[in-house]
Amino acid sequence: MSKITDIKKGLKDLIDPTTNLAFHEYKAIKHVGIDEETNTVMFVIEVKEKTADVMKKLTRDIAKIVKVDMGYSGIKIDFVEGKKENLHAKTLLIASGKGGVGKSTVTANLAYALMRLGKRVAIIDADVYGANMPKILKATDHVLMGNKDGKLYPFQKDNIQMVSTEYLVEKNRALMLRGPMLNKVLKLFFEDTLWVGEIDYFLVDLPPGTGDVMMDMKDFCHDPKMVLVTTPQENAAHIAIKAGYAAKSLGQELIGVVENMSYYEVNNEQHFIFGQGGGKKVADELLVELLAKLPIVPSDNSIYAESDIAGIIYLNLANKILKLTK
Ligand SMILES: Nc1ncnc2c1ncn2[C@@H]1O[C@H](COP(=O)(O)OP(=O)(O)O)[C@@H](O)[C@H]1O
Ligand SMILES: [Mg+2]
């Protein structure tokens, strides 16, 4: 192995204290060179925030490995700052066992509720097989534009930004992606989208079940939290539990369950059209909280007003999620 490779390998587990990411996770080492005459190693290292404390700590860590352990005489480090945007953004993955339970409806309404609580929200519609966020946000005529460097401009409405796989295909065509192509699309959304301003919360509308998208999430977001959506029905709950276990086995932290289409209310009386208990069963089995039970609201407008009964429940849900993701 070359000396340079040895040095890179020796430093791969060092941590940028600002993000808690290891060097190998964010490709911190931009350059390594050796001055043979003076036996000095020269580095260009990327950090998120170039503060005196960060530079001091990393210089010490690197000196220990390169000088003490590897025997070089000196080191010289140029620190450069990485991208500044969305350093503190949190990612919420909205998942479900099966399709049609209201995952996208919940994603969109949760986005509005978080926005109403003053958060800056972006939606990534990553349901590659059934993307419908443009329809919910009434943005189907929108054309997603990119700049000459291949960066994407997000759709914006009501202070919420959004990108969707729906925009990447011709109308009425389904997107069929797997493996590396899928990873490229996710990279476009997560890393090459020109989000406007700082984002507090990224909401990712995942495809139902567990698949490539869920597995690829680790490449794009640090410490995402998952919310699982189910209906009260036995079969939906059963599949949601499976999806929850699969997510946990991928190391994804589940923070709670949302039961959608829980009841239909007339004259202050609740009718449990789809049965009862699915959400609680999923939450109990996966040892998390049932965060909300949402009514059946037949309506053409999928975004509930702030004062609607459902709108108020979404505000409560958003408040709980803020606490759980502090
Ligand atoms: N609480 C609800 N009350 C009435 N209809 C709902 C409710 N939640 C979702 N829907 C409707 O059910 C259908 C599926 O919802 P959607 O959010 O697209 O599910 P998913 O993303 O899980 O496939 C949509 O037509 C949507 O408008
Ligand atoms: Mg959907």
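The values are calculated or read from the model by the stated rules, or taken from the named source; none is laboratory data. In this text, all values refer to a predicted model and were calculated from it rather than measured experimentally. In this analysis, Cβ positions are derived from the backbone assuming ideal geometry, glycine residues included, and neighbour counts consider all displayed protein chains.
Restricting to region 62-111, and then to whatever is more than 10 Å from ligand 1 (Cβ to nearest atom), touching a Lys or Arg at 6+ places or on another chain (Cβ under 6 Å) and assigned to a strand (DSSP E or B), can you tell me which residue is nearest to residue 129 (Cα to Cα)? So, considering only residues that are more than 10 Å from ligand 1 (Cβ to nearest atom), touching a Lys or Arg at 6+ places or on another chain (Cβ under 6 Å) and assigned to a strand (DSSP E or B), the one nearest to residue 129 (Cα to Cα) is 92.
Can you say whether residue 27 is under 31 Å from the mean Cα position of the chain (by Cα) and surrounded by 13 or more Cβ atoms within 10 Å (Cβ to Cβ), as far as the supplied structure shows? Judged against the criteria, residue 27 is not a match.
Table: residues versus (1) within 15 Å of ligand 2 (Cβ to nearest atom); (2) of a type outside the set (Lys, Arg); (3) closer than 29 Å to residue 17 by Cα; (4) exposed (fewer than 14 other Cβ atoms within 10 Å of the Cβ).
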site: 128; (1), (2), (3), (4): yes, yes, no, no
site: 135; (1), (2), (3), (4): yes, no, no, no
site: 147; (1), (2), (3), (4): no, yes, no, yes
site: 183; (1), (2), (3), (4): no, yes, yes, no
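Given the conditions (1) at pLDDT 95 or above; (2) more than 19 Å from residue 107 (Cα to Cα); (3) within 15 Å of ligand 1 (Cβ to nearest atom), report the number of the one that residue 231 does not fulfil. All conditions are met except number (2). Screening residue 13 against (1) under 20 Å from residue 73 (Cβ atoms); (2) at pLDDT 95 or above leaves a single unmet condition, (1). Using the structure shown, decide if residue 111 is within 28 Å of residue 319 (Cβ to Cβ) and within 16 Å of ligand 2 (Cβ to nearest atom). Considered against the rule, which asks whether it is within 28 Å of residue 319 (Cβ to Cβ) and within 16 Å of ligand 2 (Cβ to nearest atom), residue 111 comes out as yes.
Within region 47-54, not a single residue is within 16 Å of ligand 2 (Cβ to nearest atom) and touching a strand residue (DSSP E or B) at 6+ places or on another chain (Cβ under 9 Å).
Checked against (1) in a loop (DSSP other than H, G, I, E, B); (2) of a type in the set (S, T, N, Q); (3) away from ligand 2 (no atom under 16 Å from the Cβ), residue 140 passes all but condition (3). Taken over region 149-169, the criterion of being among the hydroxyl-bearing types (Ser, Thr, Tyr) and more than 12 Å from ligand 2 (Cβ to nearest atom) is satisfied by 153, 167. Restricting region 212-234 to residues that are within 20 Å of residue 289 (Cα to Cα) and away from ligand 2 (no atom under 16 Å from the Cβ) leaves a set whose member that is surrounded by the most Cβ atoms within 10 Å (Cβ to Cβ) is 232. Taking the criterion of being closer than 29 Å to residue 238 by Cβ, of a type in the set (Gly, Ala, Ser) and touching a residue at least 40 places away in the same chain (Cβ under 8 Å), the residues of region 276-323 that qualify are 277, 278, 279, 302, 310, 318.
Among the numbered conditions (1) crowded, with 19+ Cβ neighbours inside 10 Å; (2) over 23 Å from residue 120 (Cβ atoms); (3) not polar (S, T, N, Q), the only one that residue 250 does not meet is (1). Return the residues of region 190-211 that are outside any loop (DSSP other than H, G, I, E, B) and within 16 Å of ligand 2 (Cβ to nearest atom); say none if nothing qualifies. Hits for region 190-211 are 203, 204, 205. Among the residues of region 160-167, at least one is within 16 Å of ligand 1 (Cβ to nearest atom), among the polar types (S, T, N, Q) and touching a residue at least 12 places away in the same chain (Cβ under 8 Å). When 118, 130 are checked against the criterion of being in a loop (DSSP other than H, G, I, E, B) and either in contact with a Gly (Cβ under 8 Å, 6 or more places away or on another chain) or within 10 Å of ligand 1 (Cβ to nearest atom) (or both), a single residue qualifies: 130.
Residues that are charged (D, E, K, R) and touching a residue at least 40 places away in the same chain (Cβ under 8 Å) within region 29-61 comprise 30, 57, 61, listed in sequence order.
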